[in-house]
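Some notes on the structure that comes next.
Each reported figure results from applying straightforward, stated rules to the coordinates on display, with no laboratory input. Computed from a predicted structure; not experimentally measured. Positions of Cβ are backbone-derived with ideal geometry, glycine not excepted, and every protein chain shown enters the neighbour counts.
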Amino acid sequence: SPLCGKLERSRALDLVVRAVEIDSSMLYSPCIIPVICGQLECSRRTLELAFREIVNLSPLKYLTRKRLNRLYQDLRKTHPAMGSVTELAAKHGFSELGRLSGNYKKIFGETPGTTLRSFKSNSGQVLPHFFPSEPTHWFSI
């Protein structure tokens, strides 16, 4: 339970891991923090404290970045004739393509369309990683 605005680290880590799992299962839906809180049976404030403790970002910002990363990976491995930015963005819960494009470009340095057009079937490239200090041992992208 919260103590002076802090959570025990193990409780915070558990909430973050479970929130990421819940959000990852919500294909074609926007990231809705109240829904995640309901499934975790915790308050929005508790979830906020947990994310600040573990990744130093708000739940919405972190989960949106996770979704952007998954979108980037899908765009890189999809042949342009086999999918569109709109279809892949919808799969990851993005409906506002203008806002998506701006946020995406800030992180990846190119538009989603440019990433899609850069398809390489066997590129072997390491994808950029934009979580500078994320604890990689407790989840997969």
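Miscellaneous remarks
- Proximal aspartates and glutamates relative to K6, as straight alpha-carbon distance under 20 Å, when same-chain residues fewer than 8 apart are discounted: D14, E41, E48, E53, E134
- Convex hull of the stretch 1-126 built on C-alpha atoms - directionally averaged projected area, nm²: 8.4
- Here the stretch 1-73 is assigned +1 on the Cβ of each Lys and Arg and -1 on the Cβ of each Asp and Glu. Its dipole about the Cα centre then comes out at about 240 debye.
- Where GluC sites (Glu not before Pro) fall in DSSP loop in the stretch 35-104, at most 10 other Cβ within 10 Å: E41
- The stretch 57-124, dipole about Cα centre (Lys/Arg Cβ +1, Asp/Glu Cβ -1), debye to the nearest 20: 240
- Cα-only Debye scattering, the stretch 27-93: base-10 log of I(q)/I(0) at q = 0.13, 0.14, 0.19, 0.26 Å⁻¹: -0.45, -0.50, -0.76, -1.08
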